[in-house]
Amino acid sequence: MIVLLWLFQIVFLNDFYQAIKKNEIQKTAQTISQNIDNENVETLIDQIGDRFDVRVEVADMEGNAIYSTDTMPNLPQSELAVVARKTQESGGSKIEILRMEKFENPDYNEQLFNGNNIPPRGMSGFETLIYSQIVTPEDGTPILLVLTSRITPVDATVDTLRVQLVYITIILLGCALFLAFVISKWISRPIVKINKGAKKLARAEYDVHFDDGGYREIAELADTLNYASRELSKVEKLRRELLANISHDLRTPLTMIIGYSEVMRDIPGENSPKNIQIIIDEAKRLTTLVNDAMDISKLQAGTQELNMERFNLTESISNIVARYIKLMEQEGYHISFICERDAYVLGDEVKIGQALCNLINNAINYSGEIKRIIVRQRAENGIVTVSVEDNGEGIAKSQLEYIWDRYYKVDKTHKRVSVGTGLGLSIVKGVLELHHAEYGVESELGKGSVFWFRLPEDTK
């Protein structure tokens, strides 16, 4: 703003002044030429001369004056003749700024510049703006219209403005520096606090709180960091629970493998098929647990690849349910599959089967005393919906949105699951999201849960 003030008030002031004067005198000439045939044109010329301090002269093309105002002395006939010729050569109108020495008649110069105010010869303090235009009245005889106006020197004004602008510049720069210092402190104070809090957050100090003072962006950043702090705190807590649960799940089969192996080594006759089968089962359980943990890591890292193909989803579900016959016989579970017709989908059959197995395992682990699980398939409007229903204790509504999280566990009391590893829902979520499938859960405390997912039916 200071630079603009210097440019407009000092550097370009004279140019602006001359441009305004030129525009003003051209408008005045246009008004006169439009009323040149009016019988009151002389009165109009006198009014314009008095109002705008302009000398108006009307002459023929030979330089002979026809009418003029008394605002300034008349141009000599020789000068009018020269102006008429130059105007005609310029296409009918001409505007120029003449210095005092331009006029051949020194007496006219002295009268034009009021005598006492004439600067010494060689100085350019006083200038005259002359606008000439050839006007053709109704009688067809062209006449010369000349408007002359003094251009007031602006040097003294520029010097005054320059001194004022020096003081204004110093004052404004001082104010700007002071305001910049104050505003920077006001803005940076909450940023400094947030920076310190972020460093604490990086050191896993999740109890840090970010103040939301300051302007809107700082408040939004503080709210975001507070949310991140709360979520990281939850993740850290759940991570510890997961490590404890996995450690427990790993420790139990390892203890059994070591215990039965030592018994078979130290006690004669204990090398029985039953003990060997227990060792094999626990080793398989360890393998399944490790595989599930690896699957979760691959799904979260986005490195899991799908083998997409068209397959019979109904037949695949039937085969999966059939695998649980032994469990149904030994533990008393009743698992049924209900469908109306065969449905085909496009997807990775192995991964979809893995997701369904994990949903069934989850239902078995939380089915309660009734031990009844229903797998349903419904195909309509080009969509196949598969649901797994149990009759367990159900899940509170406040916990439904978290059960798919990788570390979340509804029942905080860890217990050895009947089947699977307890990591299934995270795998289900990852597999279904890779297939861009809809999925969800409907549950109510005391009435069990229904887990479901939807895939587009392939009717080709």
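The values are calculated or read from the model by the stated rules, or taken from the named source; none is laboratory data. Quantities reported herein were computed from a predicted structural model and do not represent experimental measurements. Neighbour counts are summed over all protein chains in view; Cβ atoms, including those assigned to glycine, are modelled from backbone coordinates with ideal geometry. Please note that ligands, DNA and RNA were not included when accessible areas were found on the heavy atoms of the full protein model with its side chains. Shrake-Rupley method; radii C 1.70, N 1.55, O 1.52, S 1.80 Å.
Taking R0 as 41 Å, what FRET efficiency do you get between Ser184 and Thr160 from their Cβ-Cβ distance, rounded to the nearest 0.05?
Details: r = 36 Å, r/R0 = 0.88.
The calculated FRET efficiency here is 0.70.
Mean separation of Cα pairs under 8 Å and 6+ residues apart, divided by the residue count of region 1-79: what relative contact order is that in percent?
Working: 47 pairs, mean separation 12.9, N = 79.
Once normalised by length, the contact order is 16 percent.
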| Taking a threshold of 27 Å on the Cα-Cα distance, which of the pairs Lys284/Lys429; Lys237/Lys447; Lys234/Lys397 fall above it? | Lys237/Lys447
| field | Net length gained if the chain between Glu42 and Leu173 were fully extended (0.36 nm per residue, minus Cα distance) | value | 41.6 nm
| Roughly speaking, what is the stretch gain from Arg203 to Gln30, that is 0.36 nm per residue apart minus the C-alpha to C-alpha distance, in nm to one decimal? | 54.2 nm
| note | Rounded to the nearest 10 Å², the accessible area of Glu305 using a 1.4 Å probe with every protein chain kept is 150
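Once R0 is set to 45 Å, what does the formula 1/(1 + (r/R0)^6) return for the Cβ-Cβ distance between Arg265 and Ala244, expressed as a FRET efficiency to the nearest 0.05?
Values: r = 31 Å, r/R0 = 0.69.
Using R0 = 45 Å, I get an efficiency of 0.90.
Dividing the alpha-carbon Rg of region 138-283 by 2.2 N^0.38 Å yields what? Walk me through the intermediate numbers first.
Details: Rg = 42.3 Å, N = 146, 2.2 N^0.38 = 14.6 Å.
Working it through for region 138-283, the quotient is 2.89.
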| task | Sticking with the crude label model, points 7 Å out along Cα→Cβ, report the distance from Ser233 to Thr136 in nm, one decimal please. | result | 9.3
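With a 1.4 Å probe and all protein chains kept in place, how do Cys175, Cys357 rank by accessible area, largest first? Show your work: numbers first, answer last.
Details: Cys175 65, Cys357 25 Å².
Ranking Cys175, Cys357 by accessible area, largest first, yields Cys175, Cys357.
What order do Arg51, Arg240, Arg85 take when sorted by accessible area (1.4 Å probe), most exposed first?
Numbers: Arg51 190, Arg240 150, Arg85 115 Å².
So the residues, ranked largest to smallest area, are Arg51, Arg240, Arg85.
Pick out, in residue order, every one of the GluC sites (Glu not before Pro) in region 1-101 that is DSSP loop and has at most 14 other C-beta atoms within 10 Å; say none if there are none.
Details: sites: Glu24, Glu39, Glu42, Glu57, Glu62, Glu79, Glu89, Glu96, Glu101; in loops: Glu39, Glu62.
Within region 1-101, the qualifying GluC sites (Glu not before Pro) (loop, at most 14 other Cβ atoms within 10 Å) are Glu39, Glu62.
For Glu369 and Lys284, what does the FRET efficiency come to when R0 = 30 Å and r is the distance between their Cβ atoms, rounded to the nearest 0.05? Walk me through the numbers before you get to the answer.
Values: r = 28 Å, r/R0 = 0.92.
With R0 = 30 Å, the Cβ-Cβ based efficiency is 0.60.
Quick one: grab the alpha carbon gyration tensor of region 181-247, order the square roots of its eigenvalues as a ≥ b ≥ c, and give me rounded if a/c is under 1.5, else prolate or oblate depending on whether a/b is larger than b/c.
In terms of gyration-tensor shape, prolate.
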| task | Determine which residues of region 370-386 fall in the zone a paramagnetic label at Asp342 would reach in this model, i.e. backbone nitrogen under 20 Å from the point 7 Å along Cα→Cβ. | result | 376-386
| Which value, in Å² rounded to 10, gives the accessible area of Met256 with a 1.4 Å probe and all protein chains present? | 60
| Amide proton proximity set for Phe311, modelled H, under 5 Å, gap of 5+ | Val345, Gly347
| message | Quick check for you: with a 1.4 Å probe and neighbouring chains kept, what is the accessible area per residue of region 154-256, in Å²? | response | 71
